[in-house]
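Below: one structure, written as structure tokens.
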Amino acid sequence: MIDVEERWAQLAASGDTVLLEGFHALKHALRFGAVVPLAVTSDPAGLARLAADLAPDLAPDLAPDLGGVDAVPVTGEVLRRLVPRPHPTGVAALAFRPQPVDNATRTSPFVVLENPRNLGNIGAVVRLAAGFGAAGVLTTGDVDPWHPTAVRGAAGLHFATSVARTSLDALPSGPVFALDPEGESIHDVTFPDDALLVFGSERHGVTDDVKGMATSTVAIPMRPQVSSFNLATSVGMALFHWQGRSSAGQ
């Protein structure tokens, strides 16, 4: 019989896997092709109900002991040893991290986050990119966009788009639109399908390096004396603007 904790430790230590916390993260990862070598649940009956109610397309794979993702029943104590912060659904899994997608002929923009610091914001942006059908989310800086907290914030939708860490000088080709309060109103701009939409931090915005390489700087109108929009909100507005004017976004 499998030693769940030993197998979990081996997979986690390999560096090739990412943690999926909760039913919804596992559901989304499987829907978008994730390879899940091990999943555990402290509530097998609850997992079966969730799968039947919320993911009937995946129910056979998500039911314990049916082979699909090998959802192994464990005690709550074991789950707490495997996962620092167990999800209320009592489900956790490890998935192999996918290889970067070749987007050389993409038909939707990349969202670029310049040196993001908040993992929850990164997850929220990934979720938006997946929902709008963006080519992916690229981040610069030293924060891993595949950190478990970011994956949790995106509900597993990292697998529905391309997510990678890069540098400004290694960005894909395409016109660069830097979102900046001093830029041209977004209402007067059309984002092409191969655009790179670059967002800085809420406190400092994009750097001069980004402004220097930008095809255009673009502002989202905001009420005077309001400091900034939340990063994910800004990304959502920009992608909605792109989608509304692009045939690829229809």
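Rule-based calculations on the coordinates, nothing more; no lab input. Keep in mind it's a predicted model, so treat the numbers as computed, not measured. For neighbour counting, all protein chains shown are included, and Cβ atoms are generated from backbone atoms with ideal geometry for every residue, glycine included.
Rounded, prolate or oblate: which fits segment 4-96 when a ≥ b ≥ c are the square roots of the eigenvalues of the alpha-carbon gyration tensor, with rounded for a/c under 1.5 and prolate only if a/b beats b/c?
Values: a/c = 1.71, a/b = 1.25, b/c = 1.37.
Since a/c reaches 1.5 but b/c is at least a/b, the shape of segment 4-96 is classed as oblate.
Using the Cα centre as the reference, give the magnitude of the dipole from point charges on the C-beta atoms of segment 102-155 (Lys, Arg: +1; Asp, Glu: -1; all else neutral), rounded to the nearest 20 debye.
Numbers: 4 positive and 4 negative charges, 42 e Å.
The dipole magnitude comes to about 200 debye.
If only Cα atoms are counted, what is the Rg of segment 99-177, and what is its Dmax, in Å?
Rg and Dmax of segment 99-177, Cα atoms, are 11.5, 31 Å.
With label points built 7 Å along Cα→Cβ from the Cα atoms of S167 and E77, find their separation and express it in nm.
Each label point lies 7 Å from its Cα, and together they span 5.0 nm.
Can you give the extra length, in nm with one decimal, that the chain gains between F96 and R245 once fully stretched, where that is 0.36 nm per residue apart less the Cα-Cα distance? Working shown, then result.
Working: separation 149, 0.36 × 149 = 53.64 nm, distance 3.59 nm.
The F96-R245 span can extend by a further 50.0 nm.
Round to the nearest 0.05 the FRET efficiency obtained for V35 and D57 when R0 = 22 Å and r is the Cβ-Cβ distance.
So the FRET efficiency works out to roughly 0.80.
Can you give me the angle between helix 44-54 and the longest principal axis of the chain, using Cα atoms only, in degrees from 0 to 90, rounded to the nearest 10?
Around 40 degrees separate the two axes.
Assuming 0.36 nm per residue, please report the length gained on full extension of the stretch E182 to D142 beyond their Cα-Cα distance.
That works out to 11.7 nm of additional length.
Net charge near R97, counting Lys/Arg +1 and Asp/Glu -1 over other residues with Cβ under 13 Å of its Cβ?
Working: positive: R165; negative: D16, D144.
Neighbourhood net charge equals -1.
May I ask you to compute the full-extension gain from E6 to T149, defined as 0.36 nm times their residue separation minus their alpha-carbon distance, rounded to one decimal in nm?
Fully extending the segment from E6 to T149 adds 49.2 nm.
Using the crude model of +1 on Lys and Arg Cβ and -1 on Asp and Glu Cβ, and no other charge, please compute the dipole size for the chain relative to its Cα centre, in debye to 20.
Details: 17 positive and 26 negative charges, 90 e Å.
That gives a dipole near 440 debye.
Along each of its three principal axes, how wide is the spread of alpha-carbon positions in segment 110-245, in whole angstrom units, largest first?
The Cα atoms of segment 110-245 stretch 36, 33, 29 Å along the principal axes, largest first.
Would you compute, for the Cα atoms of segment 1-44, the largest minus smallest coordinate along each principal axis and list the three values in descending order, in whole Å?
27, 27, 16
Over all pairs of distinct alpha carbons, what does the Kirkwood formula give as the hydrodynamic radius of the chain, in Å?
Radius from the Kirkwood sum: 19.2 Å.
Out of S185, Q225, L119, whose Cα points farthest toward the positive end of the dipole of segment 118-241 (charges: +1 Lys, Arg; -1 Asp, Glu; placed on Cβ)?
L119
Using only Cα atoms, tell me the angle between helix 4-13 and the longest principal axis of the chain; keep it within 0 to 90° and round to the nearest 10.
30
Please arrange R49, R106 by counting, for each residue, the other beta carbons lying within 10 Å of its beta carbon, fewest first.
Values: R49 12, R106 20.
So the ranking, lowest neighbour count to highest, is R49, R106.
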